[in-house]
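I have placed the structure first, in the form of structure tokens, so that the comments after it can refer back to it.
Bear in mind these aren't lab numbers, they're just calculated from the coordinates by the rules spelled out. These numbers come from a predicted model, not from an experiment. A quick note on method: Cβ atoms are made from the backbone with ideal geometry, for glycine too, and the neighbour counts reach across all protein chains shown.
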């Protein structure tokens, strides 16, 4: 029996206008009233998650930054950061392709800041100085590409490094620490209290691949990437058609 549902936000739980439908909210509350858990697994930072949820329901756990920050079912907060040496290598790769990037960002303590690509020398020096410490500081490094046709080149270089790169849409690449992903964040969030086989995970893109493949019941929305659809046990409705509510309805009937 599925006891836990976890969902991505953008392109999954949220409509294209970035809002929650009333039917999805009602379904989640119904699910929770049955004594089952509903969590968020997103690439967003915590403030972005809270803004999207708009106090319409309270998730039982939150995995954000693709596993970089985990709020467990008992409220414990766990940070999973990129080792500084690896972060420096990632930034070096990003800077070497700066002309292909529309935006470069670093996330530290849950807050995301843009890197000035017009002032590369000073940006490199500043980031290098910040990374010159034994304690890891960044949870995520991300970039938006000007042209998605270049994504394979950038991903090929990043996969050689001790980090976890993934795509949240065609233009947006996100880099987390080694072995940091939504699936491992979910395991931390559940605190070994519930088997992964009793979890259903719903997503739409590359940063959902580990979790959709790794749980007991992996679900892709109709608007998901072809790669995720192939990995999923089920392809449900689109994010604009109350996909989460439909999944909950079907699971509660079983």
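Can you give me the relative contact order of the chain as a percent, contacts being Cα pairs under 8 Å and 6 or more apart?
Details: 533 pairs, mean separation 58.8, N = 254.
Across the chain, relative contact order equals 23 percent.
Compute the Rg/Rh shape ratio of segment 1-92: radius of gyration over Kirkwood radius, all on alpha-carbon atoms.
On the way: Rg = 14.9 Å, Rh = 14.3 Å.
With Rh from the inverse mean 1/r over Cα pairs, Rg/Rh is 1.04.
Listed highest first by mean packing, meaning other Cβ atoms within 10 Å per residue, what order do 160-172, 144-156 come in?
Details: 160-172: 18.5, 144-156: 13.5.
Ranked by mean Cβ neighbours within 10 Å, highest first: 160-172, 144-156.
Rg over Rh of the chain, using C-alpha atoms and the Kirkwood radius, what does it come to?
Working: Rg = 18.0 Å, Rh = 18.4 Å.
Radius of gyration over Kirkwood radius for the chain works out to 0.98.
For segment 68-187, calculate the relative contact order in percent as a whole number, restricting contacts to Cα pairs under 8 Å that are 6 or more residues apart. If you can, show how the numbers build up before the last one.
Details: 198 pairs, mean separation 37.5, N = 120.
Averaging sequence separation for qualifying contacts and normalising by length gives 31 percent for segment 68-187.
What distance in nm separates the simple spin-label points at residue 103 and residue 192, each placed 7 Å from Cα in the Cβ direction?
Label-label distance for residue 103 and residue 192, simple model: 4.0 nm.
At q = 0.24 Å⁻¹, what is the base-10 log of I(q)/I(0) for segment 182-248 according to the Debye formula with one equal point scatterer per Cα and no solvent? Please give it to two decimals.
-0.97
Can you give the Rg/Rh ratio of segment 84-177, where Rg is from the C-alpha atoms and Rh is the Kirkwood radius?
For segment 84-177, the value is 0.93.
Report the far tail of the P(r) of segment 1-55, meaning the percent of Cα-Cα pairs longer than 18 Å.
Working: 446 of 1485 pairs.
That fraction is 30 percent.
Among DSSP beta bridges lying fully in the chain, give the percent that are antiparallel, nearest 5. Don't skip to the answer; put the middle values down first.
Numbers: 27 of 44 bridges.
Just about 60 percent of them are antiparallel.
Pop the C-beta distance of residue 137 and residue 169 into the FRET formula with R0 = 30 Å and round what comes out to the nearest 0.05.
Working: r = 26 Å, r/R0 = 0.87.
So, using R0 = 30 Å, E works out to roughly 0.70.
With viscosity set to 1.306 mPa s at 10 °C, what whole-number translational diffusion coefficient in µm²/s follows for segment 113-254 from Stokes-Einstein and a Kirkwood radius over Cα pairs? Numbers along the way, then the final one.
On the way: Rh = 17.3 Å.
Once the numbers are plugged in, D ends up at 92 µm²/s.
How big is the gap, in Å, between the Cα center of segment 74-141 and the Cα center of segment 1-15?
For segment 74-141 versus segment 1-15, the Cα centre distance is 28 Å.
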